[in-house]
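Read through the structure below, which is laid out as structure tokens, and then see the notes.
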Amino acid sequence: MKTYSMKEIDNELYLGKFRLSDLAKEYKTPLYVYDELGINNKIDIFKKSFISDSFITTIVYASKAFLAPYLCKLLENKGLSIDAVSIGDLLLLKQAKFPMERVIFHGNNKSIEELNLCLDLNVKYIVIDSLRELKRLDILTQEKKIKCNTLFRVNPGIEAHTHEFIQTSLLDSKFGESINDSLIFEKIVDIYKHSPYLFLKGFHAHIGSQINVSSSFGKEVEVLLDFIEMFQKVNGYNVRVLDIGGGFGIKYLDTDTPLDLEETLQNVVKIVENKMKTRGLFIEELLIEPGRSIVGDSGITLYTCGGSKQTFSKKNLCIVDGGMADNIRPALYRANYSVDIANRVNGSEKYVYDVVGKYCESGDIIARNVILGKVKDKDIIVTHSTGAYCYSMSSNYNGSLRPAVIFVKDDKVKEAIKRETYEDLAKTYIF
Ligand SMILES: Cc1ncc(COP(=O)(O)O)c(C=O)c1O
């Protein structure tokens, strides 16, 4: 799956004015490369389709997919908000001068330090995950005498059509409090009613990731609005904000059926507008939290091939100079990718390869059963659609260094994150 502005010229892949193989030579491999026009284009689709005359629509980029200061600037200029889940995220956003009134803080086990920093930085909403956390924040806001707008994460119990590891709304999920647990909501409401500092603006849910079935989102919104209606009646509370999370799927393989993003977003907005007309609901702000769908299919990884090998069982292996340390997704949930030889897209003979990494695990397989021309030592191998949950989940496994990240736009290259050095690694060791 090529990115928005990737082209094939004379059997080689280009991004903007740059041959991918030249970028690989200059910036070394493994290398993450983002197509900036692709990200801009995706954001424009979100902005055009997620809009209403009846309430504010807010697009919160889920930074766990990938975060870098350069991306913060791009998102800020496009008017997006960002979610953060750690002190590291918050400090990066602060240093990048991202407006804190556009930051939402998540997490299912927020530390006292994290909550304190959120209060000090005055983020827009803290999304409370549990009664336990609400009690903790209640004490902190009293001590600091700081007011705090919150959303409360609920679990609507919706089975999204995706891998079990990225479903987040099953009944035994660790996230949020179940909408069916009326007793817990009595206690939650009691805390809000007695606190002069804590404000319950609304509810949040996130049903999973890489969801390619539009109706899952429609169902989620219906269930959440029914819950809000009931909650308002029982507790005499006005709920003004609904955040339905992210999870919008992207196309990884040619055989994937992609989510119709425009239709999904328009449908979600329509459901909320219609229910506001027919029910006692008054939603002022509707939020979504896309991560993967903003950056996933605009990012690629370049590797240098170390040659090929055929196993005794006749499996062809294309061996690259990266692997599970820069892309854990295949090992984590058997994700698969489409792959090309960037410097020779169409070879005359075709072979079926598994693209394998260099790390000491049998599961270190980047892509299975991909059809490529005959691979050679020093070929530049490109894995498509690695913009989400690859750099952000990368590791130093086997003493590897996290790769550099560059953004390409027309004839410009911006290095957004430097390649780690052995000195960086050594800084944390005690010799
Ligand atoms: C609370 C929350 N919001 C948003 C997202 C982003 O999901 P995605 O990248 O699939 O859009 C996640 C991802 O796990 C999440 O946990």
- Message: Taking the beta-carbon count within 10 Å as an exposure proxy, list Val85, Val375 from fewest neighbours to most.
- Response: Val85, Val375
- Positive-end residue of Ile158, Ile184, Gly208, charge dipole of region 36-295 with Cβ unit charges: Ile184
- Message: Apply the Karplus curve 6.51 cos²θ - 1.76 cosθ + 1.60, θ = phi - 60°, to the phi angles in region 239-244 and return the couplings in whole Hz, x for Gly and Pro.
- Response: 9, 10, 10, 10, 10, 9
- Task: Multiply the residue separation of Glu349 and Met276 by 0.36 nm, subtract the distance between their alpha-carbon atoms, and state the gained length in nm to one decimal.
- Result: 20.3 nm
- Item | Reachable aspartates and glutamates from Lys409, criterion Cα separation under 17 angstrom, eight or more residues apart if same chain | Glu8, Asp22, Glu26, Asp35, Glu36, Asp44, Asp297
- Message: Please enumerate, by chain and number, the lysines with C-alpha under 22 Å from the C-alpha of Lys193, excluding those fewer than 8 residues away in the same chain.
- Response: Lys124, Lys135, Lys144, Lys145, Lys147, Lys201, Lys233
- Message: How would Ser130, Ser385 line up from fewest to most surrounding beta-carbon atoms within 10 angstrom?
- Response: Ser130, Ser385
- Taking H placed 1.01 Å from N in the peptide plane, check which residues at least 5 places from Leu287 or on another chain put their amide H under 5 Å from its amide H. Thr58, Leu242, Asp243, Ile244
- Task: Compute the Cα gyration tensor for region 155-302, then decide on rounded, prolate or oblate, letting a ≥ b ≥ c be the square roots of its eigenvalues: rounded whenever a/c is under 1.5, prolate when a/b is larger than b/c in the other cases, and oblate in all that remain.
- Result: prolate
- Message: Could you give each residue of region 118-130 its phi-based ³J(HN,Hα) in whole Hz, using Karplus coefficients 6.51, -1.76, 1.60 with θ = phi - 60°, and x for Gly or Pro?
- Response: 4, 5, 5, 7, 6, 5, 5, 9, 9, 8, 6, 9, 7
- Message: At a 10 angstrom cut-off on C-beta neighbours, averaged per residue, how do the peptides 93-99, 278-284 rank from highest to lowest?
- Response: 93-99, 278-284
- Item | Karplus 3J(HN,Hα) series, Hz, for region 374-387 with 6.51 cos²θ - 1.76 cosθ + 1.60 (x for Gly, Pro) | 5, 7, 10, 3, 6, 4, 9, 9, 10, 9, 7, 6, 10, x
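For the chain, count the residues as N, evaluate 2.2 N^0.38 Å, and divide the Cα radius of gyration by that value, please.
The value comes to 1.04.
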- Query: Does a label point 7 Å from the Cα of Leu131, set along Cα-to-beta-carbon, have any residues of region 177-212 with amide nitrogen under 11 Å, and which are they?
  - Reply: 178, 181-191
- Return P(r) of region 57-156 (all Cα-Cα pairs; 5 Å bins starting at 0; whole %; ordered from short to long distances). 3, 13, 27, 24, 17, 11, 5, 1
- Charge dipole (debye, nearest 20) of the chain; +1 at Cβ of Lys and Arg, -1 at Cβ of Asp and Glu: 500 debye
- Query: Residues with amide H under 5 Å of Asn155's amide H, sequence separation 5 or more or different chain, H placed in the peptide plane at 1.01 Å from N; which?
  - Reply: Glu177, Ser178, Ile179
- Note on the structure: Taking N as the number of residues in region 11-123, the ratio of its alpha carbon radius of gyration to 2.2 N^0.38 Å works out to 1.30
- Message: So for region 1-113, if I pair up every lysine 8 or more residues apart or on another chain, how many of those pairs have alpha-carbons under 13 Å apart?
- Response: 6
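Since every read-out is calculated from the coordinates, none of them should be taken as a lab result. Nothing here was measured: the structure is a model prediction, and the numbers come from that model. Positions of Cβ are backbone-derived with ideal geometry, glycine not excepted, and every protein chain shown enters the neighbour counts.
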